[in-house]
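Have a look at the structure below, then the notes.
The numbers here are math on the coordinates, done by the rules we state, and not lab data. No experiment lies behind these values; they were computed from the predicted model shown. Please note: Cβ atoms are built from the backbone with ideal geometry, for glycine as well, and neighbour counts cover all protein chains shown.
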Amino acid sequence: MIGYYLRYVQVLLRFLPVALALLRDRRRFLLFGPPRRVSTAIHRERAERLTETMLALGPAFIKVGQVLSTRPDVVPPTYVEVFASLQDEVPENTGGDPLTVLADELGDELDLETIETVAGGSLAFVYTAEYEGERIALKVRRPGLVEMIERDLRVIRGLVPLLSAFADERQRYSLENVADDFEAIILEELDFAREASIMDDIGENFADDDRVVVPETYEELCSDRVIAMEYVEGRKITDEGALAAAGTDPTEMATLIARTYLKMGLVDGVFHADPHPGNLAVTDDGRLVIYDYGMSQRLTSQEQEDIASLYRTLVRRDVDGLLNALIALEVLEPTVDRVAVRRVLELVIENLEGRSEITWRAIITELLSMLHDFPFRIPPNVMLLVRVGTVGEGVCRSLDPEFDFLAATRSFLVDHGFIESEIEALLAETRADLRESAPVLARAPARFDSVFGQLERGELVVRTDPVDPPSGGDPAVGYAVVAGALFVAAAVLTLHGQPYEIPSLLAAAVAFVQYVRARR
C-alpha cells in the first residue's frame, strides 16, 4: 500500500506543472481572475511535455496516452494529435528481461541459442527462434508487468475524482467512464490467450483471401505470457520502395487495407484495432501482413448492426439516421434534446459539404467538436472503430495522397449490401412512400363522395379571415379545386395494382360538371 501512495505522489508531481498551467487558462491567478487566451503552439508544447511524462512513467501511462489520442470527448484536438505519436514511440527499458520468461516458459521446447530480437514495445518484446526446423516468431510479455500496471491503474482511478473537480460538465461526463475504459483496454492487451484466440478467428475469416496474411499461432507453445506464431517476413508498408519492389500499386494496396478493415468490423465482427504503419507490412509477392493483435475487439451482432448504421448514415449524410445511430451506440443519451442535436448534425453536414476535400478524420473531428455542448461519451468499441478509421485512413493516404477513404467505404457498403446504389435507394424510397400512401388513397374515393354530398347540400363551409373586405364570391372555385385534386389523385392511383383511378376520374368529372354549371 505504501508503494501505491508513493506512486500516486510521484505521478501527481509529474503532471502538476501542466495541470497548473491548464488551471491558469481558466483563471489567471488560479482562484480568481479572467481566463487566459493560449495559442495553439503553447497547447502543442504542453501536449509534447505530457507525452514525455507518459513515456517516463511507463507502460500503463503510455497506453493511457494512446487511448486519449482517440478520445476527443476528453482532450482537445491538439492534444489528440500529439498523443498519437505514442503509437510507435515506446521505451525499451521498462520491466525485467523478457528472455527470462522464454527460459521459464519454453526452455525445454526451444533452442534458446537461436533466439534473435525483432522489436520491443511497451508491453512485450518480439523474438524469432528455431522450432522444429522452422523459424517462428514469439511475442513475450515483459516480466513483472501485470503488477506494475495494476498498481498504476489504481493510481489513475484515484486521479479521476481530482480531475473531475476541475473539469467542465461535458468533460466530467466522459471522465466518469474513462477509467473503466482504460482498465478494460489495457488488461485485455495483457491477456495473451485472448490475443491468440482473436488471431485465430481473424485468420479463419481471411483463410480464403490470399491477399491478406494473418500469422498462424502454435497453440502448443502459447501461454499467458507468450504467443508463438508463424514468422512472416515483410517490409513496413510505408517504407519507401516497399510496394514498388513487390510490384504492387499504392492505390490498390490502400484499397485493400480499407476493405480489409471494413470487412473485419462490419462483416466478421472481430477486428484488429491497431493499423498503424508498424503493424502493417507487405511481402515480396505483394500481400498485406497484419501484426500485433493486442489491441483488438469482438463485437456483438447488435453492435455490428449499429456500427454499420453509423457508417451508412455518415456516407449518405442521413441526419436522422445518424442521430439514431449515435443514440443506439450510447454515444448520446436517449434523453438528449433530439431537436437541438439534429440542428447540430445538420450544421456538421453543411460544414463538410462546403469543403473541397472530405476525409474520415475530418468527419469525426467535425462531428465530435460540434457535439461538445451535449453530454456524450465514446464507448470502448466505438472508440476502437473510430481509431481504425482515422489511423487506417492515414496509412492509406500515406500510400496514395489522393486516396478517397469515403469512396472506398461507400463502395464496400454497396458491395456487401449495407446500402443500395443511388437508383436502388430512390426506388426503395418510392416504394416505401407508396406503401405508406396506399391506405389513404384507397379511402380517398369514399371521402371525396362524402365531401361532394356536403358541397351539394351546402353543409360544407370554409371560413377564413379576409385581408380585404369581401367583394362577392365565386362558387365555381370550390368545384374547380376539388376537380383538380381528383385528377391528381387519379394520376397517382394509376401506380396501384387495383383500378382505383377510375372512381377518382368519375368523381373528378362530376366536380367538373358542377364547375361548368356554376360558371353558367
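Can you work out D for region 322-388 in µm² s⁻¹ from Stokes-Einstein, where Rh is the Kirkwood radius over C-alpha pairs, the temperature is 25 °C and the viscosity is 0.890 mPa s?
Values: Rh = 12.5 Å.
For the chosen part, D equals 196 µm²/s.
What is the sum of charges around THR260, taking Lys and Arg as +1, Asp and Glu as -1, for the other residues whose C-beta is under 14 Å from the C-beta of THR260?
Values: positive: ARG211, ARG259, LYS263, ARG287; negative: ASP208, ASP209, ASP210, GLU252, ASP268, ASP274, GLU393, ASP415.
That sum, taken over residues with Cβ under 14 Å, equals -4.
Taking label points 7 Å from Cα along the Cα-to-Cβ direction, ALA509 and ASP249 give a separation of 6.4 nm.
Taking label positions 7 Å along the Cα-Cβ direction at both ARG154 and ARG37, the computed distance is 4.7 nm, reported to one decimal.
In order along region 179-195, the Karplus-derived 3J(HN,Hα) couplings, from 6.51 cos²θ - 1.76 cosθ + 1.60 at θ = phi - 60°, round to 4, 4, 5, 4, 4, 4, 5, 5, 5, 5, 5, 7, 8, 5, 5, 5, 4 Hz, and Gly and Pro are given as x.
Each residue of region 345-353 is assigned a 3J(HN,Hα), and the resulting list reads 5, 4, 5, 4, 4, 4, 5, 5, 5 Hz, derived from the Karplus form 6.51 cos²θ - 1.76 cosθ + 1.60 (θ = phi - 60°), x at Gly and Pro.
Efficiency by 1/(1 + (r/R0)^6): what FRET value for THR283 and ARG49, r their Cβ-Cβ distance, R0 = 41 Å, to the nearest 0.05? Could the numbers behind the result be given before it?
On the way: r = 40 Å, r/R0 = 0.98.
Working from the Cβ atoms, E equals 0.55.
Within region 350-412, the proportion of C-alpha pairs whose separation exceeds 18 Å stands at 43%.
Relative contact order of region 251-314, please, whole-number percent, based on alpha carbon pairs below 8 angstrom and at least 6 residues apart. List each step's numbers first, then the result.
Numbers: 53 pairs, mean separation 21.2, N = 64.
Taking the mean separation of contacting Cα pairs over the length of region 251-314, I get 33 percent.
Distant-in-sequence amide contacts of VAL118, defined by a placed amide H-H separation under 5 Å and a gap of 5 or more residues or a different chain, comprise VAL126, TYR127, THR128. Between amide H atoms placed 1.01 Å from N, distances below 5 Å from TYR131 occur with ILE136, all of them 5 or more places distant or on a separate chain. With a simple spin-label model that places each label point 7 Å from the Cα along the Cα-to-Cβ direction, the separation between VAL118 and ALA103 comes to 2.3 nm. Which whole-angstrom value gives the distance between the alpha carbon centres of region 189-206 and region 335-391? Going from one Cα centre to the other spans 31 Å.
What is the calculated FRET efficiency for ASP400 to ARG211, with r their C-beta to C-beta distance and R₀ = 25 Å, to the nearest 0.05?
Working: r = 17 Å, r/R0 = 0.67.
The computed FRET efficiency comes out at 0.90.
Fully extending the segment from ARG517 to SER223 would add 96.3 nm, taking 0.36 nm per residue of separation and subtracting the current Cα-Cα distance.
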